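Input: a single structure, listed below in structure tokens.
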Amino acid sequence: MEYKLTSKDYNEALKEDKLLGLKCKECGTITVPPKMVCRKCASPDMEVVQLSGKGKIETFTVNNVASEGREDEVPYTIVLVGLDEGPWIMGNLTGIDPAEVTMEIVGKRVKMGGHQVFPGDKYSAGDGVRPLFSFEA
Ligand SMILES: [Zn+2]
């Protein structure tokens, strides 16, 4: 089996603020982040599609504790976003002070509006890219 969309291609697209996913040709389910087979029916027959990056916040956490070497990145808010296309993905929430984030944000509409590159450190193989979400106007 081959990867229709590699993590590298997925990350490169994120760096251009494009969110890519895989659409199953068997059942229509969208899989993201990329996997080798459909997350619903396990078919490998999928095509690459661009996603809207829109959805709503399902849950979140505020990170105040940095791992070694990342002290200047905290605090930040990590959100789990249920995309309109179905899958849930993780990203960082911008436009609100992490100190002011409450349960009220759960269910709010957000859209992806950029990305943040996290340089590799001794715990990761290389650069990581995370989508940035902000509240939909
Ligand atoms: Zn499927």
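Observations on the model:
- Flag if Val74 is more than 16 Å from the ligand (Cβ to nearest atom) and either aromatic (Phe, Trp, Tyr) or in contact with a Ser or Thr (Cβ under 7 Å, 6 or more places away or on another chain) (or both): no
- Selection count where residues are buried (at least 21 other Cβ atoms within 10 Å of the Cβ) and either small (Gly, Ala, Ser) or more than 21 Å from Phe118 (Cα to Cα) (or both), scope segment 12-22: 2
- Ala66, sole failed condition from (1) touching a residue at least 24 places away in the same chain (Cβ under 8 Å); (2) of a type outside the set (Ser, Thr, Tyr); (3) open to solvent by less than 40 Å² (accessible area, probe 1.4 Å): (1)
- Check on Lys122, at pLDDT 95 or above and either open to solvent by less than 80 Å² (accessible area, probe 1.4 Å) or over 21 Å from Leu5 (Cα atoms) (or both): no
- Selection of segment 85-109 for residues being outside any helix (DSSP H, G or I) and either open to solvent by 90 Å² or more (accessible area, probe 1.4 Å) or out of contact with any strand residue (DSSP E or B) (no Cβ under 8 Å at 6 or more places or on another chain) (or both) yields Trp88, Met90, Asp97, Thr102, Lys108, Arg109.
- Residue within segment 32-52 that is surrounded by 14 or more Cβ atoms within 10 Å (Cβ to Cβ), of a type in the set (Gly, Ala, Ser) and under 18 Å from the mean Cα position of the chain (by Cα) present: no
- Unmet requirement for Thr6, which otherwise passes all of (1) out of contact with any Asp or Glu (no Cβ under 7 Å at 6 or more places or on another chain); (2) of a type outside the set (Phe, Trp, Tyr); (3) open to solvent by 80 Å² or more (accessible area, probe 1.4 Å): (3)
- Any hit, segment 53-65, residues being closer than 25 Å to Gly120 by Cβ, within 19 Å of the chain's Cα centre (by Cα) and of a type in the set (Gly, Ala, Ser): yes
- If the condition is being out of contact with any Pro (no Cβ under 9 Å at 6 or more places or on another chain) and either of a type in the set (A, V, I, L, M, F, W, C) or under 19 Å from Leu132 (Cα atoms) (or both), then segment 27-45 contributes Cys27, Pro34, Cys41, Ala42.
- Any hit, segment 126-135, residues being part of a loop (DSSP other than H, G, I, E, B) and either in contact with a helix residue (DSSP H, G or I) (Cβ under 9 Å, 6 or more places away or on another chain) or free of Cβ contacts under 8 Å to residues at least 24 places away in the same chain (or both): yes
- Within segment 51-84, tally of residues that are of a type outside the set (A, V, I, L, M, F, W, C) and over 19 Å from Ser134 (Cβ atoms): 7
The values are calculated or read from the model by the stated rules, or taken from the named source; none is laboratory data. Keep in mind the model is a prediction, meaning the values are calculated, not measured. Glycine gets a Cβ as well: all are built from the backbone with ideal geometry, and neighbour counts include every protein chain shown. Note: accessible area is taken over every heavy atom of the protein model, side chains too, but ligands, DNA and RNA are not part of it. Shrake-Rupley method; radii C 1.70, N 1.55, O 1.52, S 1.80 Å.
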